[in-house]
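The values are calculated or read from the model by the stated rules, or taken from the named source; none is laboratory data. It should be emphasised that the depicted structure is a prediction, and the values quoted were computed from it without experimental measurement. Here the Cβ positions follow ideal geometry from the backbone for every residue, glycine too, while neighbour counts run over all protein chains shown.
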Amino acid sequence: MRVNTIINLALLLLFCSFNGNNNPPVSVIGNTISDFSLANTNGQFTSLSDYKKAKGFIIVFTCNHCPFAKLYPKRLIALSNSYQPLGIPLIAINSMDTISYEEETPYEMLRKAKVEKFNFAYLSDASQKVGKAFGAIRTPQVFVLWKENNKWVIKYSGAIDDNGQHPEKATPFVRNAVEELLRNKAVSTPETPSIGCRIAYSY
C-alpha cells in the first residue's frame, strides 16, 4: 500500500510539473500589490478594498482541474474559518486559461464553489493580469499580504503546506506565517516552493 501511495504521488507531481519551463521563480517578498476587481462566483465583482477592516489577506491561486489543487479545498475552508474573523480574509483566484481548460470556466467555478461549500470568494482572473502582478506560477500557490503604510505588501509566497495527501503530517506554512504576522513578528519562512500545475500565461 505504501509503495502504491509513493508511486501515485510521484506521478501526480510529474503531471503537475510538466507544463512550461522550470526556471527558478523570482522572489516577490516585499512587493506591493495594487487593488484589483475580479468577477466572483456570486455574480458580483470583488476587490481588496471591499474588505474595509482587513489587516491582511490570504490570496490563493488555484483552479478546478489540477490534481494537486483538488487536495486542498477543506484546508482552505479551515484557513478561512480561522482568519476571516481576525481580519485576514482568504480569497481564491483562478488565472487558468479557459480556452485550454474547459474545467476553468466561470460556470465550472460556480459549480465547484457550491459542491465544495467554499466560505470564501472564488474569483475569475480571465485576463490573467492579477496572476502576473503577483508572480503566481502554480496552483495552488499562496501569497500572504499585510497592510503597511496603507499598502498591501507580500509577506509570504509559496505552498499551503508540505504534504498534500496527509494534512495531519504537514507543516502549515501559511498558518505559521499568518500567526507570526498577527504577533507583529517577521515571517520566519517567507518563501517555500509551490508544487502543482503550472499556470499557462498567454503573453
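Taking the criterion of being farther than 14 Å from T62 by Cβ, among the aromatic types (F, W, Y) and modelled with pLDDT of 95 or more, would at least one residue in region 112-123 satisfy it? Even if it seems obvious, please write down each step before you answer.
Step one: filter region 112-123 for residues farther than 14 Å from T62 by Cβ, giving 114-115, 117, 119.
Keeping just the survivors that are among the aromatic types (F, W, Y) gives none.
No, region 112-123 contains no residue that is farther than 14 Å from T62 by Cβ, among the aromatic types (F, W, Y) and modelled with pLDDT of 95 or more.
For region 157-187, which positions are more than 19 Å from R198 (Cα to Cα), surrounded by 16 or more Cβ atoms within 10 Å (Cβ to Cβ) and either under 14 Å from the mean Cα position of the chain (by Cα) or not charged (D, E, K, R) (or both)?
Those that are more than 19 Å from R198 (Cα to Cα), surrounded by 16 or more Cβ atoms within 10 Å (Cβ to Cβ) and either under 14 Å from the mean Cα position of the chain (by Cα) or not charged (D, E, K, R) (or both): A170, P172, F173, V174, R175, A177, V178, L181, V187.
Which numbered condition trips up Y156, out of (1) closer than 23 Å to L123 by Cβ; (2) part of a loop (DSSP other than H, G, I, E, B)?
(2)
Could we say that V130 is part of a strand (DSSP E or B), under 17 Å from N31 (Cα atoms) and not basic (K, R) here?
Values: part of a strand (DSSP E or B): no; under 17 Å from N31 (Cα atoms): yes; not basic (K, R): yes.
So V130 fails the test.
Working only within region 170-201, note down all residues that are farther than 25 Å from E104 by Cα, of a type outside the set (S, T, N, Q), part of a loop (DSSP other than H, G, I, E, B) and in contact with a helix residue (DSSP H, G or I) (Cβ under 8 Å, 6 or more places away or on another chain).
Scanning region 170-201 gives A186, V187, P190.
Give me the residue from region 48-68 that is outside any loop (DSSP other than H, G, I, E, B) and touching a helix residue (DSSP H, G or I) at 6+ places or on another chain (Cβ under 9 Å) and, out of that set, surrounded by the fewest Cβ atoms within 10 Å (Cβ to Cβ).
F57
For residues in region 76-113 being over 24 Å from A200 (Cβ atoms) and in contact (Cβ under 8 Å) with a residue 60 or more places away in the chain, which is surrounded by the fewest Cβ atoms within 10 Å (Cβ to Cβ)? Before you say what the answer is, go through the steps one by one.
Taking region 76-113 first, the residues over 24 Å from A200 (Cβ atoms) are 77-90.
After this cut, where a residue has to be in contact (Cβ under 8 Å) with a residue 60 or more places away in the chain as well, the list is 79, 82-83, 86, 88.
Values: L79: 23, S82: 15, Y83: 22, L86: 12, I88: 22.
Among those residues, the one meeting the criterion is L86.
Of all residues in region 62-97, how many are among the hydroxyl-bearing types (S, T, Y) and in contact with an Asp or Glu (Cβ under 6 Å, 6 or more places away or on another chain)?
Residues of region 62-97 that are among the hydroxyl-bearing types (S, T, Y), as a first pass: 62, 72, 80, 82-83, 95.
Then drop every residue that is not in contact with an Asp or Glu (Cβ under 6 Å, 6 or more places away or on another chain), which leaves 95.
Number of matching residues: 1.
A quick yes/no check of all residues on (1) touching a Phe, Trp or Tyr at 6+ places or on another chain (Cβ under 8 Å); (2) under 25 Å from K185 (Cβ atoms); (3) in a loop (DSSP other than H, G, I, E, B); (4) among the polar types (S, T, N, Q):
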{"position": "I88", "(1), (2), (3), (4)": "yes, yes, yes, no"}
{"position": "E108", "(1), (2), (3), (4)": "no, no, no, no"}
{"position": "N119", "(1), (2), (3), (4)": "no, no, yes, yes"}
{"position": "V144", "(1), (2), (3), (4)": "yes, yes, no, no"}
